[in-house]
Amino acid sequence: MEWTSIIAIFGLFWVLSAFLVMPFGMRTVEEEGDRKVPGTVESAPAQFRPGRIALRATILALVLFGLFYANYVYCWIGLENLNLFGSPPGSAA
């Protein structure tokens, strides 16, 4: 696998991971007991911590990419293992 492909695929895993971990640990202004500023949406976080989200996303992306790369090297799951549309016509299955 080319190193540019590794960077691109890891980037995709990182963005997916960021969206997956973003809602965890968020508390709204109401949950914190603070006063709501007029004009803010009710679901807005009281304290947005992008560094914490980036760290969690990086850890999750490393784990997911590690599994992806291990599958690429050892061929645990290949296209022949994925039968999405049933048996092909004319097969003896």
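Some points to look at:
- Gyration tensor over the Cα atoms of the chain: the corresponding equivalent ellipsoid has semi-axes (square roots of 5 times the eigenvalues, largest first) of 41, 19, 10 Å.
- Take the Cα of residue 75, go 7 Å toward its beta carbon, and the backbone nitrogen atoms of segment 1-19 under 15 Å from that spot belong to 1.
- Estimated purely from DSSP H runs of n ≥ 4, each contributing -39500 (n - 2.57), the mean residue ellipticity at 222 nm for the chain is -17000 deg cm²/dmol once divided by its residues.
- Helix axis angle, 50-74 relative to the chain longest principal axis, alpha carbon, degrees: 10 degrees
- C-alpha long axis of helix 3-21 to longest principal axis of the chain, angle in °: 50 degrees
- Within segment 25-66, the proportion of C-alpha pairs whose separation exceeds 15 Å stands at 52%.
- Amide hydrogen neighbours beyond the local backbone of residue 28, cut-off 5 Å, H modeled: 46
Coordinate-derived values only; no laboratory data. Note that the structure is predicted; figures quoted are calculated from it, not measured. Counting neighbours? That spans all protein chains shown, and the Cβs are built from the backbone with ideal geometry, glycine included.
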